[in-house]
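Enquirer: Once you've had a glance at the structure underneath, I'll fire off some questions.
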Amino acid sequence: MRFTKDHEWVSLDGDVATVGITSHAAEQLGDVVFVEVPEVGKSVKAGDAFAVVESVKAASDIYAPVTGEVVEANDALSGAPETVNQGAEADGWFAKIRVANPAELDALMDKAAYDAYVASL
């Protein structure tokens, strides 16, 4: 699993990356009340907003950590947005992206680096 400074996580399986927000981000947001996932087939570029999460505290864009095409969206989140709070780094994933450039993952943080980053905030 790799992480961004915007608190997204990505887990690669072959050439498909599963993307969500970190547990830290979910805790900071508070109770998630709405999630907008991207449409299957959408092309995304690393760093671009591709999904939205709203909580009782704020609305936040979710940024694609990698460039590629959305091949699956977690549509279950629309009916159960609280899943993000219950399992941000598991069942609360937002989308699966077929990765166009696997080297982009090298620029992301590993768990130890991300934990150190969060501790510095």
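Enquirer: Scan the range 26-50 residue by residue and report those that are among the aliphatic types (A, V, I, L, M) and either on the phi > 0 side of the Ramachandran plot or out of contact with any helix residue (DSSP H, G or I) (no Cβ under 9 Å at 6 or more places or on another chain) (or both). Step through it out loud before you land on a result.
Expert: Here is the first cut: in the range 26-50, the residues among the aliphatic types (A, V, I, L, M) are 26, 29, 32-33, 35, 37, 40, 44, 46, 49.
Listed by number, the residues that qualify are 33, 40, 44, 49.
Enquirer: Further question: Got a number for residues in the range 1-52 being buried (at least 18 other Cβ atoms within 10 Å of the Cβ), over 22 Å from residue 119 (Cα atoms) and touching a Gly at 6+ places or on another chain (Cβ under 9 Å)?
Expert: 5
Enquirer: Would a scan of the range 11-26 turn up a residue that is free of Cβ contacts under 8 Å to residues at least 60 places away in the same chain and under 17 Å from residue 77 (Cα atoms)?
Expert: no
Enquirer: Another question about this same structure. Determine which member of the set 45, 57 is of a type in the set (Lys, Arg) and at pLDDT 95 or above.
Expert: Every option except 45 fails the conditions.
Enquirer: So, one more: Does the range 27-53 hold any residues that are closer than 14 Å to residue 88 by Cα and charged (D, E, K, R), and which are they?
Expert: If the condition is that a residue be closer than 14 Å to residue 88 by Cα and charged (D, E, K, R), then 27, 31 are the ones that fit.
Enquirer: A further question follows. Being hydroxyl-bearing (Ser, Thr, Tyr) and modelled with pLDDT of 95 or more is the filter here, so list the residues in the range 76-121 that pass it.
Expert: Passing the criteria: 83, 114, 117, 120.
Enquirer: Looking at the range 1-51 only, could you name the residues that are among the charged types (D, E, K, R) and either more than 14 Å from the chain's Cα centre (by Cα) or more than 15 Å from residue 107 (Cα to Cα) (or both)? Break it down into steps so the answer makes sense when it comes.
Expert: Quick first cut of the range 1-51, residues among the charged types (D, E, K, R) only: 2, 5-6, 8, 13, 15, 27, 31, 36, 39, 42, 45, 48.
The answer is 13, 15, 27, 31, 36, 39, 42, 48.
The values are calculated or read from the model by the stated rules, or taken from the named source; none is laboratory data. All of these numbers come straight from a predicted model, not from anything done at the bench. A quick note on method: Cβ atoms are made from the backbone with ideal geometry, for glycine too, and the neighbour counts reach across all protein chains shown.
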